[in-house]
Each structure stands twice: as structure tokens, then as C-alpha cells.
């Protein structure tokens, strides 16, 4: 057997064993996550500081949602994720942290009272979206944008049920929304109903009211 063939066979063997890890992560998620329904998933920057306006607003949003019968799902890390879990836990709700294991390990925040750890991003994404009745997107970076556009794509293509996708802080999101209107829509790469999937607000109360109006639990 050539060295090249050996490497190919070794990779195939690794993939075969990797399937068991993938199945195990799915099974654990499917066993735990149904108990948190109904839940709202909150995304945003891991770099938000505890004294920042975004962090404090996220704590308030999570508290309000728990007071109205919703639980909270976050990525389980620092920043906005921590704020979401903190607000939910302090309000007595189920505070879910879906933590991802990375080479440069991100510390799990201490406020999640239900915690799952994942090696694979795609499995974690399934848990975020499958068990959420709404998304709230706070200001964030590439990871936040990834979750936002994946949700919009899945709703647009009817691969999942439609649910509210709420952007909080119109000033932060204005450039993105204007680009979507002035470039994507004007060039016909999206349609008007696609833009209507987004709800842009500036206060925690506005975000919670949209969810109360649109979500039947």
C-alpha cells in the first residue's frame, strides 16, 4: 500500500469513528433540550463587557422573557452570552448554555443552569434553532452574523418554521439593513418579503412585545 493510499484510508477510518461522537452529541441534545421549551435564543458579541449598554440590555431582556414564561438559550460563553444566562437565572428561569469547545478555549460563564458542551458547530446550531421560538440578535461579530443569516436562510427557504428574528439596536444594524435594501433588494437577489423577516428595535420591552404578539406557546 502506498503512503498516499494509507493516508486516505486513515482519514476514512477517522471519519467513521467521528460519526459516533456526532451521534452522541445529537442524542444528548435531543434528550435535554425539549425540557427548556418555550425558549428564546439570544446571540451577540462575546467581547461585551459587564458594564456595557449591550450587556445590561441583554440581562434585562432575559429577565423580562422569563417573567413572561420563556426560557433562555445562549452560547454559554462570556459577553452577551453571559448576560443572557445571567438574566434568565436571576429571574428563576431555565438558563441554557450551549458551550463550544475551541482550541483557544472560551471560558463557560457561571450562570447557565442547564449546560451542554459541543465539539461540532453544526450540531450546536441545530440545538439553537430547533428549540427556539424566536431569535434576539444583539450587536456582535462574525459568529453573530453567521447565526443571523443562517436563520434567515432557513426561514426563507422554508426549511424551518418562521419565527421572529429581532435585531436590537437600530444604530448598530442600520448599515447592514441599508445594504440589504439598497444592494440586495435593488439587484433582485432578495425580495421584499425577505426583508420583512427582520424586526428592528431599540429597547428590551419592544423585543419582548414582538415575541409575545407573534409567538403562541
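The values are calculated or read from the model by the stated rules, or taken from the named source; none is laboratory data. Owing to the predicted nature of the structure, the values given are computational and were not obtained by experimental measurement. Cβ sites come from the backbone with ideal geometry, for glycine too, and all protein chains shown count toward neighbours.
Listed values, structure above:
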quantity	calculated
Yes/no for residue 33 being surrounded by fewer than 22 Cβ atoms within 10 Å (Cβ to Cβ) and not in a loop (DSSP other than H, G, I, E, B)	yes
Pair list, Cβ under 6 Å, 6 or more apart: segment 147-170 residue free of Cβ contacts under 8 Å to residues at least 40 places away in the same chain, other residue part of a loop (DSSP other than H, G, I, E, B)	154/160; 165/197; 170/202
Those residues of segment 183-211 which are farther than 19 Å from residue 147 by Cβ and surrounded by 16 or more Cβ atoms within 10 Å (Cβ to Cβ), in sequence order	204, 208
Selection count, segment 38-58, where residues are surrounded by fewer than 14 Cβ atoms within 10 Å (Cβ to Cβ) and either touching a helix residue (DSSP H, G or I) at 6+ places or on another chain (Cβ under 6 Å) or within 14 Å of residue 131 (Cα to Cα) (or both)	0
Odd one out for residue 194 among (1) under 17 Å from residue 125 (Cα atoms); (2) assigned to a helix (DSSP H, G or I); (3) touching a residue at least 40 places away in the same chain (Cβ under 8 Å)	(1)
Unique residue being in contact with a strand residue (DSSP E or B) (Cβ under 8 Å, 6 or more places away or on another chain) and modelled with pLDDT of 95 or more when the list is 127, 214	127
Residue list for segment 164-203, restricted to those being over 17 Å from the mean Cα position of the chain (by Cα) and closer than 18 Å to residue 133 by Cβ	201
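Condition check ((1) within 29 Å of residue 32 (Cα to Cα); (2) touching a helix residue (DSSP H, G or I) at 6+ places or on another chain (Cβ under 6 Å)) across all residues:
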site	(1), (2)
119	yes, no
128	yes, no
163	yes, no
166	yes, yes
179	no, no
188	no, no
199	no, yes
205	no, no
